[in-house]
Amino acid sequence: MGKGGGCVPSKKRQPPTNTGAGAPSSSSAAGAVPREAPEVESSAAGETTGRKLRLYIVFYSMYGHVEALARQAAAGVGAVEGVEAVLRRVPETLSPEVLEKMQAPAKDPAIPVITAPADLEEADGVLFGFPTRYGAMAAQMKAFFDSTGSLWEKQRLAGKPAGFFVSTGTQGGGQETTAWTAITQIVHHGMLFVPIGYTFGSGMFKMDEIRGGSPYGAGVFAGDGSRQPSETELALAEHQGKYMASIVKKLT
């Protein structure tokens, strides 16, 4: 065996003499019908399908913090040619009476509720956003994942890239664990987890201000609910949308 792993030809064997205009290929045996050259798919997103690639941003937001990240991520997606963001919120599981007692603001009706999990089949990639509940996703998002059994049974989402962005009340409240524990959901669906790593560059190392987010994905510290996402947190969410859109474009 040679260093490259190929077989070393015998010194006694003479190479075949080429009597034609060109050396015959291994597929051009006598009597064989020449193969047609395969069609080359265009690398431009949507050019072969007649539509833009769709990156779904599916989220749950009670007080608006996750929604703010979702909108900013959508802006990042829009910066990538050939990819469009589709914003969807998951169904609410709490009654209007409970939400009123919790002083939760009304949800923007301009963002539709994803009532049918099968809608995810239309997505070329998905970003899921949700607040934490004791270091894991909120029950509303878990209920949505629980409703995707028919998709799991037929592995309709297998191979689709997916990522997460989160909201927590405190600095130690689950910026990493909320995303980390959610990976089990997409693993069973055969989806491909796409973290942002440290692709945000120097913004990931800033220590002069409080900042949510981690290598798992964008994030925001909500505090008691009165703190709004900072410019850095919004910039990280926008970066995640743009980065995820570029990955979807590469994999499609």
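The values are calculated or read from the model by the stated rules, or taken from the named source; none is laboratory data. Just so it is clear, the structure is predicted and the values come from calculations on it, not from any experiment. As a convention, Cβ positions derive from the backbone with ideal geometry for all residues, glycine included, and neighbour counts pool all protein chains shown. What goes into the accessible areas is simple: the full protein's heavy atoms, side chains included, and nothing from ligands, DNA or RNA. Shrake-Rupley method; radii C 1.70, N 1.55, O 1.52, S 1.80 Å.
For the reader, a short list of remarks on this structure follows.
- Cα gyration tensor, segment 84-194 - rounded (a/c under 1.5), prolate or oblate: oblate
- Tensor-based shape of segment 168-218 (alpha-carbon gyration tensor, a/c under 1.5 rounded, otherwise prolate or oblate): oblate
- ³J(HN,Hα) computed for each position of segment 125-133 - Karplus, 6.51 cos²θ - 1.76 cosθ + 1.60, integer Hz, glycine/proline x: x, 9, 10, 9, x, 6, x, 8, 9
- Rg/Rg_globular for segment 119-252, with Rg_globular taken as 2.2 N^0.38 Å and Rg from C-alpha atoms: 1.05
- Packing-based ranking, highest mean first, of 181-189, 74-82 given that Cβ atoms within 10 Å are counted: 74-82, 181-189
- Three semi-axes describe the equivalent ellipsoid of segment 181-252; taken as square roots of 5 times the Cα gyration tensor eigenvalues and ordered largest first, they are 24, 16, 10 Å.
- In terms of the mean number of neighbouring beta-carbon atoms within 10 Å, the peptides 133-140, 200-207 order highest first as 133-140, 200-207.
- Surface exposure of segment 168-247, expressed per residue as accessible area with a 1.4 Å probe, stands at 47 Å².
- Segment 136-203 shape via C-alpha gyration tensor axes, a/c threshold 1.5: oblate
- Checking the cross-link pairs LYS107/LYS206; LYS52/LYS160; LYS154/LYS250; LYS154/LYS249 against a 27 Å limit on the alpha carbon distance flags LYS107/LYS206 as lying beyond it.
- Segment 145-245: relative contact order as a whole-number percent, Cα under 8 Å and 6+ apart: 31 percent
- Residues with amide H under 5 Å from that of LEU87, placed H, sequence gap 5 or more: ILE57
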